[in-house]
Amino acid sequence: MSVDDLTGHVGEWLRGTGPMSDIVISSRIRLARNIVGYPFLSRASGDEKREIYRALGDALSSAGFGSNSFFVDIENISDVDRQVLVERHLISRQHAEGEGSRGVSVSLNETHALMINEEDHLRMQVLKSGLQLETLWNDISIIDDRLGSEIEFAFDERLGYLTACPTNVGTGLRVSVMLHLPALKITGEIEKVMRAAKDLKLAVRGLFGEGTDAIGDFYQVSNQVTLGISEEEIIDMFSGQIIPQIVDYERAAREALSDQRSVQLDDKVWRAYGILENARAMASEETMFFLSHLRMGVSMGRFNQLDIGTINELFLQIQPAHLQKRNGGKLSGEQRSIARANYLRQRLGHNNN
């Protein structure tokens, strides 16, 4: 399997299943680790990066991460292929834009991605649809133990795991939950929720993580504190308190829209469908905006011509790199807008030309 094969299907995390999947797109846990005896990547030479790359590649092979996964040499693939991996949340933008030896091992169902030479020597990631943090913690603990038996990670008895960024020192754990919050945005309540999240020292980012805006009413909420708190405490806080509260707020906002502004709500949903079904050129941001409204209508039972999984897939397939892979090469912005509209008409339309 290769990057070329990815664009023909969607990963498990976009299937629209799992707890609270009407609002929780996906949940992710990531662990940052570094190898004893090597400098952090910001201070590593090209030769040292190659040594780390080989050492971790050997560890992955010895730990049995080859049979149900495939490996991508990030340094030696095209920019479009790197962006495909970013759009699928299998590598970070920093990993795509880095220099020198680096790679990623991806499970065939895309639930696991093990990044070599990202910001740290190793970033382990597990990802599933809906709110499934306890399951993910069990999965990533097994991966961590298997790799830890093959290679020694940098660890301090007082500080915990040592990482390139001080905010990851300790557990090295980052929990991230992707939420779809259109009703809170429409009702003007989203800023209150975001302020509350920041008061709890949570990071709130857009669809593609750090440095991105919340296009299409998608928000990634993640922890910022990893020192002085256990992994289980972080996961319990997210699973039992933070995410359920945000989900409750969004559901209350949707109920208020349904009760008090039902005509306006239906107009947003059906207008979005009409534009997506008939447009001849669509920019990425406006497409995400309309798909967001359509997804809200589906999840509220006000639009039954599509399901959540299909709309989740559309969010991915209309991204720039996926469009270019499907069309066989690089496209200008205008060409992408036309290709995006053509794709949407093909998927949503019935008798359109």
Open item on the list: Please state the shape class of segment 78-176: rounded when a/c is under 1.5, otherwise prolate if a/b exceeds b/c and oblate if not, all from the C-alpha gyration tensor.
Closed with: oblate
Open item on the list: Using amide H atoms built in the peptide plane, which far-off residues or other-chain residues are under 5 Å from I35 H to H?
Closed with: H121, A154
Open item on the list: At a 10 Å Cβ-Cβ cut-off, how would you order W13, W270, fewest neighbours first?
Closed with: W270, W13
Task: Cα-Cα pairs of segment 1-65 separated by more than 20 Å (percent) - done: 58 percent
Open item on the list: Please state the shape class of segment 224-329: rounded when a/c is under 1.5, otherwise prolate if a/b exceeds b/c and oblate if not, all from the C-alpha gyration tensor.
Closed with: oblate
Task: Environment charge at D22 (Cβ cut-off 14 Å; Lys +1, Arg +1, Asp -1, Glu -1) - done: 0
TODO: Go through segment 183-198 residue by residue and turn each phi into a ³J(HN,Hα) via Karplus (6.51, -1.76, 1.60, θ = phi - 60°); whole Hz please, and just put x for glycine and proline.
DONE: 5, 5, 5, 5, 7, x, 8, 5, 5, 4, 5, 5, 5, 4, 4, 5
Task: Options [x] -0.63, -0.76, -1.03, -1.18; [y] -0.73, -0.86, -1.11, -1.22; [z] -0.88, -0.95, -1.08, -1.14 - which one matches log10 I(q)/I(0) by the Debye sum over Cα atoms at q = 0.10, 0.11, 0.13, 0.14 Å⁻¹ as calculated here - done: [x]
Open item on the list: Using a Cα-Cα cut-off of under 26 Å, which lysines could be cross-linked to K198, ignoring same-chain neighbours fewer than 8 residues away?
Closed with: K128, K185
TODO: Return the sequence-ordered ³J(HN,Hα) values of segment 286-292 in whole Hz as given by the Karplus equation 6.51 cos²θ - 1.76 cosθ + 1.60 applied to θ = phi - 60°, using x for Gly and Pro.
DONE: 5, 5, 4, 4, 6, 5, 4
Open item on the list: Give the residue list of trypsin sites (Lys or Arg not before Pro) in segment 244-312 that are DSSP loop and have at most 12 other beta-carbon atoms within 10 angstrom.
Closed with: R280
Open item on the list: I'd like to compare 287-294, 44-51: which one has the highest average count of other Cβ atoms within 10 Å, and what's the full order after that?
Closed with: 287-294, 44-51
Task: Computed helical MRE - 222 nm, the chain, DSSP H runs ≥ 4 contributing -39500 (n - 2.57), nearest 500 - done: -13500 deg cm²/dmol
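Values quoted throughout were computed directly from the atomic coordinates according to the rules given, and no laboratory measurement underlies them. Not measured: the values here are computed from a predicted model. Neighbour counts run over all protein chains shown; Cβ positions are idealised from the backbone, glycine included.
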